[in-house]
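Encoded as structure tokens, the structure appears first; notes follow it.
The values are calculated or read from the model by the stated rules, or taken from the named source; none is laboratory data. The model shown is predicted, which means the values in this text are computed figures rather than measured ones. Glycine also receives a Cβ, built like all others from the backbone with ideal geometry; neighbour counts cover every protein chain displayed.
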Amino acid sequence: MKLDELTEYLDYKDLINFKNVNITGISYNSKTVKKGDIFICLVGEHTDGHEFAKSAVEAGAAALLAEHKIDGVSVPQVIVSSTRHKIADIADRFYSSPSKGINLIGITGTNGKTTVTHLIQKIFEENNQKCALIGTLGYKLSSNGEYRDAKHTTPQAPELQATLRMIKDVEKIDNVVMEVSSHALDQNRVGGCQFDGAVLTNLTQDHLDYHITMENYFKAKALLFERLQEGNFAVINADDAYAQKFLDVVPEGVRKFTYGVKNNADVTAKDINFSLNGAEFVLCEAGKEHKVNLHMNGMFSVYNVLAAVTASLAMGIDIQVALKALQSVKGVAGRFEVVVKKPLVIVDYAHTPDGLENVLKSAREITPSDGKLVCLFGCGGDRDATKRPKMGAIAEKLADKIIITSDNPRSEDPQIIITDIIAGLKSVNTENIVVEPDRGSAIALLKTFANNNDVVVIAGKGHEDYQILKDKTIHFDDREEARKVFEGSVI
């Protein structure tokens, strides 16, 4: 593609050294630049791409997208006010707006995004329609397919647009369901994407290290709904504290649907019961009642199912088709995943106060009367520190025994993170509260800390098979570690 075609609709401030060169790719990492790329000088939280512009040109970059002039280079420079926001426009243009030819559904919220995307993918397939999925675990082209790696919950714009183009042209798939994170919305990684529908799972405290306030967090999430167009649909959790604020930002002409358990909504659930086999309830919609039996457990699973069903109804999919699909789902990797039978060990991704509270309440529902609920968790380093004491208080309140350990400490001292968690405890009873900074050793303690009739929740990392330390990233999988400890009782 010629440079003038790529920048035709771009709101740029200046063109320097303009030559109508041929652009054959997009890069924002000087180490991966290929000849003919346009190099985007991204300004991030820790690095400034402008500092690597000359290296990119030396590696073959044919042009630069920058926020100011780069001295000492002869290639064309397109100067814009924000490379972080314009990279999406460039990527969308380069890949010829792939989302225009796809039924693209965005799922956002603090918790539940991964599960809801998987549920919607299953519903499409039960309806004899192909559906690709993009999210935390990577992307995959069918529910039975393998995940392909993704570096972020929502990929950076060039990778995202390239993936959408591949899904549409190569795989011939017309439906895509995608997790959309608040970071991706705030950083415009999904800029250029034309969503046909958007789903809100919930909004509770997370990522305040980045957004600073809940209002900023809400505003980032709200962008997904504000950009919907006439004829699109919005699905909102009516029980969420921010429900009305989200409904208020939905443009006129966009179809609105709600779901919930506590408040009036278009799709609701009643007569909810939990057992070791899963959850059962009655789903109500349009004056009709439908009995639902899930292999998944917990109140959060009920909400996730309601969200997926409501989205499928908004797309005109028959409810019996949707329910048949959902009742066959065994669960999602690292989401309330049972990995050991005795004691019952559950691995979950819960890493926010609300997420931890939900998973512990759900685990309590299936804890035998003569058993105890044990919670092992930590908090991530270089992230919102204000949630740490809150999570400590939640664990102390809802679990009978807790083991406090490391999560992904990153550059922080694990002991400082643990001290922040302990600050939320009312007392430190050494009989019921244990501190072990090494996560592997902490999981090993479960052998003596938990009895066969207890229920154990290992929270925080879920599907992750790595641990990020100060100076390195190591292989670490909670599920593997738990299976090692309870080798004779593995599922």
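Summary of values
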read-out: Matching residues in the stretch 166-184 - criterion: being crowded, with 20+ Cβ neighbours inside 10 Å and either outside any strand (DSSP E or B) or outside the structural domain of residue 214 (by TED's automatic domain parsing) (or both); value: 167, 168, 173, 180, 181, 182, 184
read-out: Hits in the stretch 306-343 - residues which are out of contact with any Ser or Thr (no Cβ under 8 Å at 6 or more places or on another chain), buried (at least 23 other Cβ atoms within 10 Å of the Cβ) and within 18 Å of residue 236 (Cβ to Cβ); value: 308, 309, 311, 312
read-out: Scope the stretch 368-382; condition out of contact with any Lys or Arg (no Cβ under 8 Å at 6 or more places or on another chain) and surrounded by fewer than 20 Cβ atoms within 10 Å (Cβ to Cβ); matching residues; value: 368, 369, 370, 371
read-out: Index of the failed condition, residue 110 passing every other in (1) in contact with a helix residue (DSSP H, G or I) (Cβ under 6 Å, 6 or more places away or on another chain); (2) under 30 Å from residue 357 (Cβ atoms); value: (1)
read-out: 2 or more residues surrounded by 15 or more Cβ atoms within 10 Å (Cβ to Cβ), within 25 Å of the chain's Cα centre (by Cα) and of a type in the set (A, V, I, L, M): qualifying helices (runs of 4 or more DSSP H) within the stretch 199-292; value: 214-226, 243-249
read-out: Within the stretch 323-370, tally of residues that are within 17 Å of residue 201 (Cβ to Cβ), not in a loop (DSSP other than H, G, I, E, B) and not β-branched (Val, Ile, Thr); value: 11
read-out: Any hit, the stretch 376-385, residues being modelled with pLDDT of 95 or more, touching a Ser or Thr at 6+ places or on another chain (Cβ under 8 Å) and in a loop (DSSP other than H, G, I, E, B); value: yes
read-out: The listed residue being under 21 Å from residue 136 (Cβ atoms) and touching a residue at least 24 places away in the same chain (Cβ under 8 Å), out of 388, 439; value: 439
read-out: Residue 93 touching a residue at least 24 places away in the same chain (Cβ under 8 Å), of a type in the set (D, E, K, R), in contact with a helix residue (DSSP H, G or I) (Cβ under 6 Å, 6 or more places away or on another chain) and in a helix (DSSP H, G or I); value: yes
read-out: Failed criterion for residue 301 (all others in (1) closer than 19 Å to residue 235 by Cβ; (2) without any contact (Cβ under 8 Å) to a residue 60 or more places away in the chain; (3) surrounded by 12 or more Cβ atoms within 10 Å (Cβ to Cβ) hold); value: (2)
read-out: Residue 318 being over 19 Å from residue 467 (Cα atoms), in the same structural domain as residue 235 (by TED's automatic domain parsing) and not aliphatic (A, V, I, L, M); value: yes
read-out: Which numbered condition residue 17 misses (of (1) without any contact (Cβ under 8 Å) to a residue 40 or more places away in the chain; (2) farther than 24 Å from residue 163 by Cβ); value: (1)
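Here is a yes/no grid of residues against (1) under 31 Å from the mean Cα position of the chain (by Cα); (2) in contact (Cβ under 8 Å) with a residue 60 or more places away in the chain; (3) assigned by TED's automatic domain parsing to the domain that holds residue 9:
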{"position": "32", "(1), (2), (3)": "yes, no, yes"}
{"position": "39", "(1), (2), (3)": "yes, no, yes"}
{"position": "48", "(1), (2), (3)": "yes, no, yes"}
{"position": "53", "(1), (2), (3)": "no, no, yes"}
{"position": "65", "(1), (2), (3)": "yes, no, yes"}
{"position": "72", "(1), (2), (3)": "no, no, yes"}
{"position": "76", "(1), (2), (3)": "no, yes, yes"}
{"position": "84", "(1), (2), (3)": "yes, yes, yes"}
